[in-house]
Structures are given as structure tokens and as C-alpha cells.
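All remarks here apply to the structure that follows.
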Amino acid sequence: MKATRAMPKLSEAGWLAQVLELAELYRWQWHHDNDSRREVVSGGESKLVGDQDAADFPDLVLWRDRVIFRELKSDTGTLTPGQRRCLEALRLAGADVDVWRPRDLDRVQDELYRRGPVVADVTTGERL
């Protein structure tokens, strides 16, 4: 009988690093925006101030032969109501959106490897 090993739990930060490594391997360009809200401590109390909508925007925008929006979560992480609304609004606008988790690694790798329609550089006409 083959013994199985439990995979170590991967934080969202560790998962982000792994996804970005794959994205760069497969020549994707990407943008990751940290939460623009900032913690402010006043009178001994801590609160986040800033753009709440920025907190709901997907973790990654990746582009190569297509543009995709991806929210990254740990295997046990959950979407906030605002993240659900943002992903749904993007989907309704025709965007390719999804949530990626460490347990989805094979699917993520396949998706980043797969080519979409052949596209050319708009300035040179050279195939990308």
C-alpha cells in the first residue's frame, strides 16, 4: 500500500509567490495590488481607512494572450461579500474571473500554460 503524505498548509502569501513564479515561467505579465487601505491607530483603537473597493478587487490581473482576473485564497480561506460582488460584476462585464487555491495547482498550471488565440504585438505585428 502506498503511503500518502499530507501537503503542508500554504498561506495566501506563499500561494501568491508560487502563482507568480508559474506566471513568469509561462511569460505572463501581471499586476498585484496590495490592499490600499492602511491601519490607523488613534486613541488606542486600530482601524483600516482608505478605499474599501480596492480591498475587494481580485489579487491578480494577468495578461498574455488574454486577460484574466484571479482571487487567491488559501485552501480554507473564504471570499468576503465584497469580493463576491466584485468578481460577479467583472464576470457580468465579460471578464475571465476565478478563485485559485493551492489545491488547484494542477489546474492553475494548465491554465497558465495553455495558449489562447494567437495574438501579435500591436507595434511590430510579431506573434507573441
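The values are calculated or read from the model by the stated rules, or taken from the named source; none is laboratory data. Every value quoted in this text rests on a predicted model; they were computed, and no experiment measured them. Cβ sites come from the backbone with ideal geometry, for glycine too, and all protein chains shown count toward neighbours.
Is the stretch 69-83 home to any residue that is in a helix (DSSP H, G or I), surrounded by 15 or more Cβ atoms within 10 Å (Cβ to Cβ) and free of Cβ contacts under 8 Å to residues at least 40 places away in the same chain? For the stretch 69-83, residues in a helix (DSSP H, G or I), surrounded by 15 or more Cβ atoms within 10 Å (Cβ to Cβ) and free of Cβ contacts under 8 Å to residues at least 40 places away in the same chain: present. Within the stretch 14-37, residues that are on the phi < 0 side of the Ramachandran plot and surrounded by fewer than 13 Cβ atoms within 10 Å (Cβ to Cβ) sit with their Cβ atoms under 6 Å from residues that are among the aromatic types (Phe, Trp, Tyr) and at pLDDT 95 or above, at 6+ positions apart or across chains, in these pairs: GLN29/TRP63. Would you check if ALA120 is among the small types (Gly, Ala, Ser), farther than 26 Å from SER11 by Cβ and modelled with pLDDT of 95 or more? Spelling it out, it is not the case that ALA120 is among the small types (Gly, Ala, Ser), farther than 26 Å from SER11 by Cβ and modelled with pLDDT of 95 or more. Scanning for something basic (Lys, Arg) and at pLDDT 75 or above, does the stretch 91-98 turn up at least one residue? Yes, the stretch 91-98 contains at least one residue that is basic (Lys, Arg) and at pLDDT 75 or above. The set of residues in the stretch 76-100 being more than 15 Å from the chain's Cα centre (by Cα) and of a type in the set (Gly, Ala, Ser) consists of GLY82, ALA89, ALA93, GLY94.
Okay, residues lined up against (1) at pLDDT 75 or above; (2) under 29 Å from GLN109 (Cα atoms); (3) surrounded by 13 or more Cβ atoms within 10 Å (Cβ to Cβ); (4) of a type in the set (Asp, Glu):
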position: ARG5; (1), (2), (3), (4): no, yes, no, no
position: LYS9; (1), (2), (3), (4): yes, yes, no, no
position: GLY50; (1), (2), (3), (4): no, no, yes, no
position: ARG64; (1), (2), (3), (4): yes, yes, yes, no
